[in-house]
Protein chains: 2
Amino acid sequence: MNIGEIAKRAGVSRSTVSYALSGKRPVSTETARRINEVIDELGYRPNASARALAEGRTRTLSLVIPPASRRLTDVQLGFVASVVEAAATQDLDVLLSPSGGDHDRSFERIVTGRRVDGVILMEILLDDPRVERLEQAGLPFVTIGHVEHPGASWWVDVDYAALIRRCVHHLADLGHQDVVLINRSDELVAAGYGPALRSSAGFLEAAGERGLTARTVCCADEPAAGLACFEGIRSRWPEVTAAVTINEAALPGLQRALHRAGLDVPRDFSITGVIASRLAEGFHPPLTAADVPAEEMARLAVNLLVEQIADPGATPRNALLEPAISLRSSTGARRR
Amino acid sequence: MNIGEIAKRAGVSRSTVSYALSGKRPVSTETARRINEVIDELGYRPNASARALAEGRTRTLSLVIPPASRRLTDVQLGFVASVVEAAATQDLDVLLSPSGGDHDRSFERIVTGRRVDGVILMEILLDDPRVERLEQAGLPFVTIGHVEHPGASWWVDVDYAALIRRCVHHLADLGHQDVVLINRSDELVAAGYGPALRSSAGFLEAAGERGLTARTVCCADEPAAGLACFEGIRSRWPEVTAAVTINEAALPGLQRALHRAGLDVPRDFSITGVIASRLAEGFHPPLTAADVPAEEMARLAVNLLVEQIADPGATPRNALLEPAISLRSSTGARRR
DNA sequence: ACGGTCTGTCGAACCGGTTGGACGGAGAGC
DNA sequence: GCTCTCCGTCCAACCGGTTCGACAGACCGT
């Protein structure tokens, strides 16, 4: 069931079948009809490997994810599914590759083996070796998040600094004086994880502008850590009346800690931050927070990548998204 | 930078380079040394498409996921990451393809285009057209979950019926008389989604054995539905003192409903079921529940698939996992 | 000295597509 | 009636690997 077989049965040459399929040269309607008939009858579809070899492109993208050991957050997971969907609408397949840890072999295989036409890189660090590797290999890529000094590169990101600033201003408007930022884990911060660093910067900047007393803490990405973290905050800084967070995984722990401390949200304590809408809505009460627009980011990333593959010489483009903050019910006026 | 270039620089023929790389025929140590030198120097790696074409296999698996629109549950997501990791340890790549909805083109592309050596199918329905399609195409595949009458097929599943039965016995042991099963959405049940149907069967069976009054309700996969669902239960059957569930997405809503009703868990009400450990631990209080062993299932599925690819004639194998129930703190003796 | 095995290497065919150049025939222009 | 296009088709080369059969030379036993 290859192209030669189709050609034989339709009584034409292999190239004619190819042209009938691709439309790259005219084929008489009568011939086209016969060819399509045979194709339908046999359920033929060109062999992807052969086509990739001949065309020099695989019609496949790679999405590089962090290893499973470091659990994916809800935002990231929504993103993976959305990338797959966005790629599917353009008839592209998505190869999922882990990276980091012991998985450098997978990454290397993708990069040097010409397995894919382009790469989407998640979880970018401010200084990321994979970026260099891809540049050196001359493989088109788009990063989710951007490196510290994104010279000429393609990326999509959420403006964490701006969003966190807005959260702080929102809390200041409500009269809060003492606020805390519950960041991601200190390992991530130490590794130079952009969203964590930029959130922290935006937090301190806005707090400074509004004359608030600002504290920041790191918190491992799990419920238990969220609980411990919040209790630490209460004991060290009992005057704090509001928290801003980007740590989704810690939320259940925060919830439990608030309950245990007998604090009512938003009467006694306010919470906001950048949180996947699904989780924000699952919180009790629903969180007033900036929703990370995973689908839009995915669509943008795929489009940028496709553009770059089509014209590798094009001048790099990027997108910095700043979604609105959804006012739900986890923030309220400070009470004393 | 292809194999011919390497051969030229090392002063040998292309086939010798190929044999040096694959080890399928002996090559003198001196020749091998020269070849490896050139390869290291140029950073050569065989073109994956060419190799796939020649060998007739792609060293790639496909993981078919439900469309993003139907949001993946936590269990499913952990499973995706684990499959990728398990495949990576065998130097296999994973192609992620959506299916259902408008994505049949993607699925067709995978199946007929010989893009992959085998397929892992998630979210199997009791009577699933994709299974037929794969059988007809003669493509090796493993299903997560099994069809109603799995003749000779390869699959991995969790024994929902047995686990739910154990949950019911556990509640009966604690003295509960009136129990309810909070199932997945009625669309899924109507579509013939195995875990939902088997849970229901196991629930009723065990309740019958122990003489309990058993009710079952369907609940859409989202927090709001969980809340509404629980309030419906309380108003229709106020005598119910314990719930069993497999609906992870509804948990936050359940939590909120319990809180709103002023019910303390486990003093006033007990909850158990089959729930991803991550979510079970995030609940307040932590749920006594059966943890779905996503990593183990993933590893098993990949291994079975690899085995099947190596020997398509082998007699099908399968695995029905029955993980232990983790005793946390969401169940207690019935009080009256 | 001779046939036989064994080792290392090479040439050529093959996997299944795409694509550029050539070519035959029909129709148009003169 | 003759050339000139243009349309539709075919042939052959190519993409970059793998693998089979052949073969030269070293080594063995007799």
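Before moving on, here are some points about what is shown:
- Residue within segment A:23-43 that is within 8 Å of DNA strand C (Cβ to nearest atom) and either open to solvent by less than 60 Å² (accessible area, probe 1.4 Å) or within 14 Å of chain B (Cβ to nearest Cβ) (or both) present: no
- Looking only at segment A:1-21, and only at residues there that are more than 10 Å from DNA strand D (Cβ to nearest atom) and open to solvent by 60 Å² or more (accessible area, probe 1.4 Å), the one that is farthest from A:Leu42 (Cα to Cα): A:Leu21
- With respect to the stated conditions, A:Leu53 is assigned to a helix (DSSP H, G or I), at pLDDT 90 or above, at the interface with another protein chain (Cβ under 7 Å from one of its Cβ atoms) and open to solvent by 10 Å² or more (accessible area, probe 1.4 Å).
- Note on segment A:10-22: among residues that are of a type in the set (A, V, I, L, M, F, W, C) and within 8 Å of DNA strand C (Cβ to nearest atom), the one that is nearest to the chain's Cα centre (by Cα) is A:Leu21.
- Filter pass, A:Pro293 being closer than 30 Å to A:Leu320 by Cα and either within 11 Å of chain B (Cβ to nearest Cβ) or touching a His at 6+ places or on another chain (Cβ under 9 Å) (or both): no
- Segment A:250-269, subset more than 19 Å from A:Gly332 (Cβ to Cβ) and surrounded by fewer than 23 Cβ atoms within 10 Å (Cβ to Cβ), residue nearest to the other protein chains (Cβ to nearest Cβ): A:Arg256
- Verdict on B:Leu92 being closer than 22 Å to A:Ala52 by Cα and either of a type outside the set (S, T, N, Q) or open to solvent by less than 30 Å² (accessible area, probe 1.4 Å) (or both): yes
- Flag if B:Ala48 is surrounded by 18 or more Cβ atoms within 10 Å (Cβ to Cβ), within 11 Å of DNA strand D (Cβ to nearest atom), within 11 Å of chain A (Cβ to nearest Cβ) and closer than 24 Å to A:Ser49 by Cα: yes
- Matching residues, segment B:277-295, being assigned to a loop (DSSP other than H, G, I, E, B), open to solvent by less than 10 Å² (accessible area, probe 1.4 Å) and at pLDDT below 90: B:Phe283
- Test result for B:Gly313, without any contact (Cβ under 8 Å) to a residue 24 or more places away in the chain and either aromatic (Phe, Trp, Tyr) or in the same structural domain as B:Leu139 (by TED's automatic domain parsing) (or both): yes
- Just one of (1) farther than 30 Å from A:Leu134 by Cβ; (2) away from DNA strand D (no atom under 16 Å from the Cβ); (3) at pLDDT 95 or above fails for A:Gly43. It is (3).
- Residues of segment A:110-135 satisfying the condition of being within 18 Å of B:Val116 (Cβ to Cβ), in contact with a helix residue (DSSP H, G or I) (Cβ under 8 Å, 6 or more places away or on another chain) and either at the interface with chain B (Cβ under 8 Å from one of its Cβ atoms) or surrounded by 23 or more Cβ atoms within 10 Å (Cβ to Cβ) (or both): A:Gly113, A:Arg114, A:Arg115, A:Val116
- Within segment B:296-315, considering residues that are over 25 Å from B:Glu55 (Cβ atoms) and away from chain A (no Cβ under 14 Å), the one most open to solvent (accessible area, probe 1.4 Å): B:Thr315
- Meets criteria (of a type in the set (Ser, Thr, Tyr) and surrounded by fewer than 22 Cβ atoms within 10 Å (Cβ to Cβ)) for B:Thr60: no
- Residues being open to solvent by 50 Å² or more (accessible area, probe 1.4 Å) and assigned to a helix (DSSP H, G or I) - total across segment B:170-197: 6
The values are calculated or read from the model by the stated rules, or taken from the named source; none is laboratory data. Computed from a predicted model, the values in this text were never measured in an experiment. Cβ: placed from backbone, ideal geometry, glycine included. Neighbour counts: every protein chain shown. Just so you know, the surface numbers come from the protein's heavy atoms only, side chains and all, with ligands and any DNA or RNA stripped out. Shrake-Rupley method; radii C 1.70, N 1.55, O 1.52, S 1.80 Å.
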